[in-house]
Amino acid sequence: MREITYANAIKEAMVQEMRSNEDVFILGEDIGVFGGAFGVTSGMLDEFGPERVRNTPISESAISGCAVGAAMMGMRPILELQFSDFVMIALDNIVNQAAKMRYMFGGKTHVPMVVRLPSGSGLGMAAQHSQSLEAWMAHVPGLIVIQPSTPYDAKGLMKTAINNDNPVIFYEHKGLYNSKSDVPEDEYDIPLGVADVKKEGEDLTVIATGIMVQRSLQAAEQLEKEGISIEVIDPRTLVPLDKETIIESVIKTNRALVVYEAVERSGYGAEIASLIGESEAFDFLDAPISRLGGIATPIPYNPSLEKAAVPQVEDIIEKVKSIVQK
Amino acid sequence: MAEKLLLPKMGATMEEGTIENWLLEEGDKVEEGDAVVEVATDKVTIEVEAENDGVLLKKLYAPGDTVPVQQAIAFIGDEGEDVSDLLEDIESEASAESDASQSVAERPVSEQVKEDIIDSTSGVEGSGSIRRTPIARRLAQQNNLSLEDITGSGPMGRIQKIDVESHLEKSEQKITPLAQKMSSDYEVELSKVSGSGANGKIIKDDIVSAERELNTAKLDTSKRVPFKGIRKVIASRMSESFYTAPHVTMTSEIDMTEAVELRKKLLPVIEESEKVRLSYNEIIIKATASALAQNTNINVSLEDEKEIVYHQEINIGFAVSVQEGLVVPVLREVDQKGLGRLTKEAKAIAEKAKEGVITSEELEGSTFTISNLGMFAVDGFSPIINMPNAAILGVGRIQEKPIIVEGQVEIRSMMTLSLSFDHRIINGAPAAQFLTDLKGVLENPYKLMI
């Protein structure tokens, strides 16, 4: 199998879907000749032309409005917002319209669209271009929220997202675009609501999302040398969430830590921690369920401070040790 | 603060106990639940256990002393603690004992209630404030452990799974000093002993039973067969007879030369008429019947310890060894039957017994029993009476011996008979007469013709 980047894996899924399904098209700012802010759509204009790879004005409101309308009329639009932070301008269309239509019209219409949102910190893009607001989206009934952490997962989940008849919020981590892994050339689906155990372990279950999956795996490698074996679970899709895999793992390891990049306070990790506490895993807990998330601060521009604002590998190691008490 | 160890009241009727044996010496370390002293009541011997941790400071009584219940018998406290105050207490208590009950009654009720409340709440607080994780609690519950005994290694002393696990694994199980000493004396491996005391503490009895098991295990190379079925029936019948009937066994040596001659002559005759081979067994049975007919006071049985039954019929049982044990088929009205018929019947019934197809009726109704070991190198033995018979005849082998006959040494075929009888209903003289008559018949078998 060949290795490709996270960015190319996403592109490959979109390209393959657009080749097989005329209804699929992509729209966004500078996605044509420029290839998008992170180059994800580079080359797509050449293959599919300006009808299906549509450059838009700098208006997330317009992009999302057009997408909702097109989706209701039978198209399957993919929206690229340059930075997930800009989704705020599109929220009325996404939350009040896209997420509600199928419900309010009793199923007479549906809104099959994929909102691609490059998110996360670590690239020196400061407070307005570095946020992780997936919890906002996960809070809204009617939206599917996906957060892939590997090129393999990104390709499979993108195909699933495009073919889903509901609005899908697809969080791409900017820091992962250049990460590589084995990705099959053929098309494949990854079902929604199926978590992936990225690494098996005995002493503690880390439930990590986005770029924190990679950091947790790095932490696991170092902890292994110190005799602490952690299990790393990537939910992959926040909505729907694979509760079963998480609970089973915690019953096995007796300890749970949720690691996420978003601000710890009111983040999606709180949701995962709560569901563990409410589950049958409670009686198997040997330590308080813990969260490790970002500091409640706007992401600083200063690279050192930016690093300090979100969990790093060392932070995960330290947190795990404080819980495992071995 | 030293605590008094009181003589417990172990039953409603127990008023005092006698100090049997101190299990610890003054100065020995004591843990709550350790047996300190053995006390005998009028019914049992009990071990009095310490109710607090510390050191046995003072024994107040010596073995043999009798002590009323609820009286202090020892002090347990911190090492080197002064117990003179407590001793004074005891003395003044003893003098004030008579009005002690009155003083309790005089105390205001509210005060007593208050004390009760404090007692109960402090207990609840003690167990409720233990910091532990859910799985630690669950594990402790599953293993019947008290969290109070476990030290937490987690943050703020929180008891975690690993603490419960290591507590479980700890080779140093809770054990009383006596049990500890016994375990090393008996070489009992403590890890294989489960404690039956408070919180799984190993106590003396656990070591005793573990030691017993250990010894049983050592012997376990032997084959073991459940004690049941016919073996158990035989056992209980033997015991019943042996332990209820006072057995007397008398022996007599019989000159069988004439009987041997008789058998030699009758053998082809009976073989031709009945198709069976006459053996000494039948000759002895027939002779016994003849002697019983003369001595009706031997052909008896004791019924329900109320009546002695003098049997009309002479039914002789003869012991047959079978694979599983022993059966006694019965030949009926032996005195009425000739040797030919008797031989035929005896062979047939013995065959049935050996094949295990004999009916219970054929095993019932004997009035006398013969046990013949003549085929073995046995001269004489003391048979156990086959109840409800009153007597049994043991038959030894026939052997040629030099015998003095009318001043001359002759070679004769000799045999020893052993008669066991129930002395409750048969006296020595009648038994001796019977044996003498039987000897007469066997030595002069033509008497069978009479």
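The values are calculated or read from the model by the stated rules, or taken from the named source; none is laboratory data. Remember, predicted model here, so these are calculated numbers, not experimental data. Positions of Cβ are generated from backbone atoms using ideal geometry, with glycine treated the same way; all protein chains shown enter the neighbour counts. Just so you know, the surface numbers come from the protein's heavy atoms only, side chains and all, with ligands and any DNA or RNA stripped out. Shrake-Rupley method; radii C 1.70, N 1.55, O 1.52, S 1.80 Å.
Table for the structure above
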{"read-out": "Cα gyration tensor of region B:336-442 - equivalent ellipsoid semi-axes, whole Å, descending", "value": "28, 20, 14"}
{"read-out": "Rg/Rg_ref, region B:156-218, where Rg_ref = 2.2 N^0.38 Å and atoms are Cα", "value": "1.28"}
{"read-out": "List of region B:128-152 residues, accessible area with partners at least 20 Å² below that of the chain alone (1.4 Å probe)", "value": "B:THR133, B:PRO134, B:ILE135, B:ARG137, B:ARG138"}
{"read-out": "Surface accessible to a 1.4 Å probe, B:HIS167 within the full protein complex, Å²", "value": "40"}
{"read-out": "Non-local Lys pairs in region A:3-182, i.e. 8 or more apart or on different chains, that have alpha carbons under 18 Å apart", "value": "7"}
{"read-out": "Of A:SER266, A:SER130, A:SER84, the one that fluctuates the most in a GNM where chain A has Cα springs shorter than 10 Å", "value": "A:SER266"}
{"read-out": "With all protein chains modelled, accessible area of A:SER290 [1.4 Å, Å²]", "value": "20"}
{"read-out": "Dipole of chain A [Lys/Arg +1, Asp/Glu -1 at C-beta], most positive-end residue of A:PRO112, A:ALA90, A:ILE144", "value": "A:ALA90"}
{"read-out": "Estimated translational D of region A:1-75 in µm²/s (Stokes, Kirkwood radius over Cα pairs; 10 °C; 1.306 mPa s)", "value": "123"}
{"read-out": "Solvent exposure, largest accessible area first (probe 1.4 Å, DNA, RNA and ligands not counted), of A:ASP286, B:ASP185", "value": "B:ASP185, A:ASP286"}
{"read-out": "Between B and A, accessible area buried - total, square angstrom, nearest 100, 1.4 angstrom probe", "value": "1000"}
{"read-out": "Stokes-Einstein D (µm²/s) once Rh is taken as the Kirkwood radius of region B:379-450 over alpha-carbon pairs, at 10 °C in 1.306 mPa s", "value": "114"}
{"read-out": "Residue-averaged beta-carbon neighbours from other chains (10 angstrom radius) around B:155-165", "value": "3"}
{"read-out": "For region A:3-182, convex hull of alpha carbons as volume per residue, Å³", "value": "101"}
{"read-out": "Order of exposure, largest accessible area first, which applies to B:LYS286, A:LYS100 with probe 1.4 Å", "value": "A:LYS100, B:LYS286"}
{"read-out": "Tail fraction, Cα-Cα pairs, chain A, threshold 28 Å, whole percent", "value": "39"}
{"read-out": "Region B:3-91, accessible surface, carbon-and-sulfur percent (1.4 angstrom probe)", "value": "42"}
{"read-out": "Solvent-free Debye scattering, log10 I(q)/I(0), computed from the Cα coordinates of the protein assembly as shown at q = 0.10 Å⁻¹", "value": "-1.01"}
{"read-out": "Amide hydrogen neighbours beyond the local backbone of B:LEU5, cut-off 5 Å, H modeled", "value": "B:ILE73, B:ALA74, B:PHE75, B:ILE76"}
{"read-out": "Isotropic mean projected area of the C-alpha convex hull, region B:151-276 (nm²)", "value": "18.8"}
{"read-out": "Where only alpha carbons of region A:196-324 are counted, the Rg and the Dmax (Å)", "value": "13.8, 44"}
{"read-out": "Burial of 20 Å² or greater, region A:269-290 residues [accessible area, probe 1.4 Å, versus chain by itself]", "value": "A:PHE282, A:ASP283, A:PHE284, A:LEU285, A:ASP286, A:PRO288"}
{"read-out": "Cβ charges +1 (Lys, Arg) and -1 (Asp, Glu), total dipole of chain B, debye", "value": "3960"}
{"read-out": "Aspartates and glutamates whose Cα lies under 16 Å from that of B:LYS447, excluding same-chain neighbours fewer than 8 positions away", "value": "B:ASP255, B:GLU258, B:GLU261, B:GLU282, B:ASP335, B:ASP437"}
{"read-out": "Interchain or long-range residues, amide H under 5 Å from B:GLY394's placed H", "value": "B:SER371, B:SER418, B:LEU419, B:SER420"}
{"read-out": "Phi to ³J(HN,Hα) by Karplus 6.51 cos²θ - 1.76 cosθ + 1.60 over region B:358-366, Hz, x for Gly, Pro", "value": "6, 8, 5, 5, 6, 9, 10, x, 5"}
{"read-out": "For B:VAL322, distant residues with modelled amide H under 5 Å away", "value": "B:VAL327"}
{"read-out": "Estimated 222 nm signal from helices in chain B, with DSSP H stretches of n ≥ 4 weighted -39500 (n - 2.57), rounded to 500", "value": "-11500 deg cm²/dmol"}
{"read-out": "Chain A - charge dipole about Cα centre, Lys and Arg +1 at Cβ, Asp and Glu -1, debye rounded to 20", "value": "540"}
{"read-out": "Accessible area (Å², per residue) of the protein assembly as shown, counting only protein heavy atoms and a probe of 1.4 Å", "value": "51"}
{"read-out": "For chain B, the fraction of alpha-carbon pairs in successive 10 Å shells from zero, as %", "value": "4, 14, 17, 12, 8, 9, 11, 12, 8, 4, 1, 0"}
{"read-out": "Nearest-10 value in Å² for the accessible area of B:PHE376, using the 1.4 Å probe", "value": "120"}
{"read-out": "Vicinal HN-Hα couplings computed from phi for region B:5-10 (Karplus, 6.51 cos²θ - 1.76 cosθ + 1.60; Hz; Gly/Pro x)", "value": "9, 9, 6, x, 8, 8"}
{"read-out": "Reachable lysines from B:LYS9, criterion Cα separation under 29 angstrom, eight or more residues apart if same chain", "value": "B:LYS29, B:LYS43, B:LYS58, B:LYS59, B:LYS114, B:LYS174, B:LYS181, B:LYS201, B:LYS204"}
{"read-out": "Percent accessible area from carbon and sulfur atoms, region A:1-114, protein chains only, probe 1.4 Å", "value": "55"}
{"read-out": "Accessible area in the full protein assembly, largest first, 1.4 Å probe, for B:ASP53, B:ASP163", "value": "B:ASP53, B:ASP163"}
